[in-house]
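Each value in this text was obtained by applying a stated rule to the coordinates, not by laboratory testing. What you see is a predicted model, and the numbers here were worked out from it, not measured in a lab. Neighbour counts run over all protein chains shown; Cβ positions are idealised from the backbone, glycine included.
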Amino acid sequence: MSSTTGRSEIDASPSGDLAGSTRRIGDRVFAGLSVGSGAFVVVVIAAVAIFLLVRAVPSLAHNQADFLTSRVWNPGGASPAFGIADLLWVTVISSIVAMVVAVPISIGVALFLTEYVPARLARPFAAAIDLLAAVPSIVYGLWGAYVVLDYLDSVQTWIGDAFGWIPVFSGPGIPNSIFAGSVILSIMILPIVTALSREVFAQTPAAHKEAALALGATRWEVVRTAVLPFGRPGVISASMLGLGRALGETIAVLFIINVVRGDFSWSLFTGGETFASRIARDAGEFDTPEKTGAYIAAGLVLFLLTFAVNAVARVVIERRKAFTE
Amino acid sequence: MKLSRTARLGGLALAGSLALVACGSDNNSSSDSSSTSGAAASGSSSAAALSGSLDGEGSTAQKNAIDEAIATFTQNNPNAKVSYNATGSGAGIKSFNGGQVDWAGSDSALKTDPGDGGAASETDAAKQRCSGNDAWNLPLVAGPISVGYNVQGVDKLVLTPSVIAQIFLGKITTWNDPAIAKLNSGATLPSTKISVFYRSDESGTTENFEKYLAGAAPADFTAKPSKVWAGKTGQGAAKSAGVAQGVKSTDGGVGYVEWSNAKDNKLGVAQVDNGGGAVELSAESAGKAVEAAQPAGQGNDLRLKLDHATKTPGVYPIVLVTYEIVCSKGLAADKTALLKGFLKYVAQADTQKGLADIGYATLPDAVLSKVNTAIDAIS
């Protein structure tokens, strides 16, 4: 007993000292750096939020219209009146449509790359998808505005003829519509969602898949019972990253979607503006702090919107995780 | 030509960097040779050539004109560096009043009424920036705004201000409307729906187009002119390029764009009949509108009040006059010399004629002589 304790003491003290002395320098520096980096991110986000608030509040105080429900936008002059109802609607609906188009395709591509394609082809395919993510959004904007629009117009007319009785598809539409912008947005977020989904699907434990195969499952049944449930949280977070990009996309939206004034319409085939595109459009004419503040207030709402989207995604992922494990 | 300029700039940069190296090094053969080459480079420019650097910022409407002028001006004065940053009139005036740039380009003269929330007026702020001296608005670049259209089978179209206003406000909706047909007897007008395109971004082009409609067709256009398009019909597209593209790709499309955009996109350009006969848009007919304008400033402050309703034959009335906003006094001496040199260059008849090729109006001699007098008075 005593000898055991004695040996353990002898063993413990020098090794503990040695580990302590080496840890002290390297560990401390590293710990300091990582805490610093973490704190930096928090500080930056807080600084952005504070900047937006401080600059937005004076303009909001002078606002003659209801900021959340009004459709007017006259932020300049002696009696500024501005509201974000239109911006919020177009931002949300264009991003949702983009998600509806992009996520199923992304999941399909990711499954194809992980489960169906021969291994030697998977790599070049994946590289091609990643390449799509590297294309700058201005290029998508130009391509969309000058090439894709012509083709989308006929698709849009067809949908309008067939489903025009649904308010979101009602006509008459314009070629430079929210729908057209959404399709370009979906192409932009496709590679992000695909790349992340592919990573997650590839991590499916072989045991799960083999168990399904052993029970006589077909390939599709393996995907349905093993791969998809395992990958679901990953796909959701991938989609949320894509949604974040869609919500904040500026230049492609600016190029593609035309503005339509007049009565409000639920239709996707009419034009509109998102938060980001309106701010970018008018950025050259921010001549007074009050006017700038109105746009900053709109930016603040976009900031909060993306925050909310991420928070919802977190909650969903946590719940799914508990379910699958 | 471009190549030689680049080469010259490159040579200058090389000589300059060598000269810098020479400063830091002791006597040796390489430093001697480089300093002589540096001296040779600076000696090669003539004594009259200007040097230094000059920064301007502002209106996008005059960007192409100023860029063109800068390119040829710096060819003659290789040691001068002039830059113009087209960020928009509002931003340009802000930078000028803040002292960040030496001159501003603007679609409208400095405002004299107090700013939002009781802030100092632009004119007062500019005076403060110029150490208490007046800032002058010099009309140097004028761009005609064209009513560009795309109607199949219609090569020539005459419109009156009242009809233009009704088209853009959605009161006339088809191209074979009697109001249009009456002005274009002989033309076969289709029943195509009119698709109106306007600028969705805030723009001096919009403001000037609205000023024209409000001035020439006050009964039809009642909104107060502003940088935001007042109409509710049609589609707004981003920038002149977006409007021109929209008109070009839509049969029955019509939009107001700077002339150069209409030319580049091969749009039909409507002739405008203010009551003195139809006038085709040309550099000269648009320049005459500036000549016909009334001076609204005092002395050498050459702010203009355009007569939009003018019935004088041969005057194309929809013109956007852009100003160069400069300090009458108070700029550093070397900058003043360069600024005067550059402005005089833009105000030359030859330069103005060159601007016609890229879609600007040619300012008539009467206007140019006034501008030159003002430039001479800058000290």
Residues A:41, A:223, B:154, A:253 in order from fewest to most other beta-carbon atoms within 10 Å are A:41, B:154, A:223, A:253
May I ask you to sort B:302, A:152 by Cβ crowding, counting other Cβ atoms within 10 Å and putting the fewest first?
-> A:152, B:302
At 0.36 nm per residue, minus the direct Cα-Cα distance, what do residue B:156 and residue B:189 gain on full extension? Give it in nm, one decimal, please.
-> 10.8 nm
Please state the relative contact order of chain A as a whole percent: Cα pairs under 8 Å, 6+ residues apart?
-> 25 percent
For chain B, percent of DSSP beta bridges that are antiparallel (nearest 5) comes out at 60 percent
Can you give me the span-like helices of chain A, meaning DSSP H runs with 27 Å or more of Cα extent along the axis and Kyte-Doolittle mean at or above -0.5?
-> A:2-62, A:85-111, A:178-202, A:228-248, A:289-324
If each Cα of the range B:63-155 is one equal point scatterer, what is log10 of I(q)/I(0) from the Debye formula at q = 0.15, 0.22 Å⁻¹?
-> -0.72, -1.16
Between residue B:241 and residue B:49, 0.36 nm times their residue separation minus their Cα-Cα distance comes to what?
-> 65.4 nm
Rounded if a/c is under 1.5, else prolate if a/b is larger than b/c, else oblate: which is the range A:35-185, with a ≥ b ≥ c the root eigenvalues of its Cα gyration tensor?
-> oblate
For B:160, B:312, what ranking results if the residue with the fewest other Cβ atoms within 10 Å of its Cβ goes first?
-> B:312, B:160
To the nearest 10 degrees, the tilt of helix B:239-249 (Cα long axis) against the first principal axis of the alpha carbons of chain B is 40 degrees
How far apart, in nm, are the 7 Å Cα→Cβ label points at residue A:266 and residue A:116?
-> 3.5 nm
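Per DSSP H run of n ≥ 4, the term is -39500 (n - 2.57); total these for chain A, divide by its residue number, and report the mean residue ellipticity at 222 nm rounded to 500 deg cm²/dmol.
Rounded to the nearest 500, the figure is -25000 deg cm²/dmol.
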Compare B:191, B:260, B:59 in a GNM of chain B, Cα atoms joined below 10 Å, and give the one with the largest fluctuation.
-> B:191
What residues of the range B:81-115 lie in the reach of a label at residue B:121, counting those whose backbone N is under 13 Å from a point 7 Å from the Cα along Cα→Cβ?
-> B:109-115
Tilt of helix B:283-292 relative to the longest C-alpha principal axis of chain B, in degrees (0 to 90, nearest 10)?
-> 90 degrees
Taking the Cα atoms only, what angle lies between the long axis of helix B:365-377 and the longest principal axis of chain B, rounded to 10 degrees?
-> 40 degrees
Here, residue A:158 and residue A:218, labelled 7 Å along Cα→Cβ, have an inter-label distance in nm of 2.8 nm
Residue A:100 to residue A:206: FRET efficiency via 1/(1 + (r/R0)^6), r the Cβ-Cβ distance, R0 22 Å, to the nearest 0.05?
-> 0.10
Label model pair residue A:46, residue A:89: point-to-point distance (7 angstrom along the Cα→beta-carbon line) in nm is 3.9 nm
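Find the relative contact order for the range A:99-195 and round it to a whole percent, using C-alpha pairs within less than 8 Å whose residues are 6+ positions apart.
Taking the mean separation of contacting Cα pairs over the length of the range A:99-195, I get 52 percent.
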Taking R0 as 22 Å, what's the FRET efficiency between residue B:349 and residue B:76 from their Cβ-Cβ distance, rounded to 0.05?
-> 0.85
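A 31 angstrom limit on the alpha carbon distance is what I want to check against. Which of B:81/B:288; B:81/B:329; B:335/B:370; B:81/B:305; B:248/B:353 exceed it?
B:81/B:288; B:81/B:305
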Added length on full extension, which subtracts the Cα-Cα distance from 0.36 nm per residue, residue A:142 to residue A:78 | 19.3 nm
Rank A:249, A:273, A:115 by mean-square fluctuation in a GNM of chain A with C-alpha springs under 10 angstrom and give only the top-ranked residue.
-> A:115
What size of dipole, in debye to the nearest 20, comes out for the protein assembly as shown about its Cα centre when the only charges are +1 on Lys and Arg C-beta atoms and -1 on Asp and Glu C-beta atoms?
-> 900 debye
Cα-centre dipole for the range B:191-332 with unit charges at Cβ (Lys and Arg positive, Asp and Glu negative), debye to 20 | 240 debye
Highest-MSF residue in chain A out of A:67, A:303, A:163 [GNM, Cα springs under 10 Å] = A:163
Using alpha-carbon pairs under 8 Å, 6+ residues apart, how would you state the relative contact order of the range A:216-325 in percent?
-> 38 percent
So what is the calculated 222 nm ellipticity per residue for chain B, using -39500 (n - 2.57) for each DSSP H run with n of 4 or more, over all residues, to the nearest 500 deg cm²/dmol?
-> -13000 deg cm²/dmol
Between residue A:151 and residue B:305, what FRET efficiency follows from the Cβ-Cβ distance if R0 is 35 Å, with the result rounded to 0.05?
-> 0.10
Report, in debye and to the nearest 20, how large the dipole of the range B:100-205 comes out about its Cα centre when Lys and Arg carry +1 and Asp and Glu carry -1 on their Cβ.
-> 560 debye
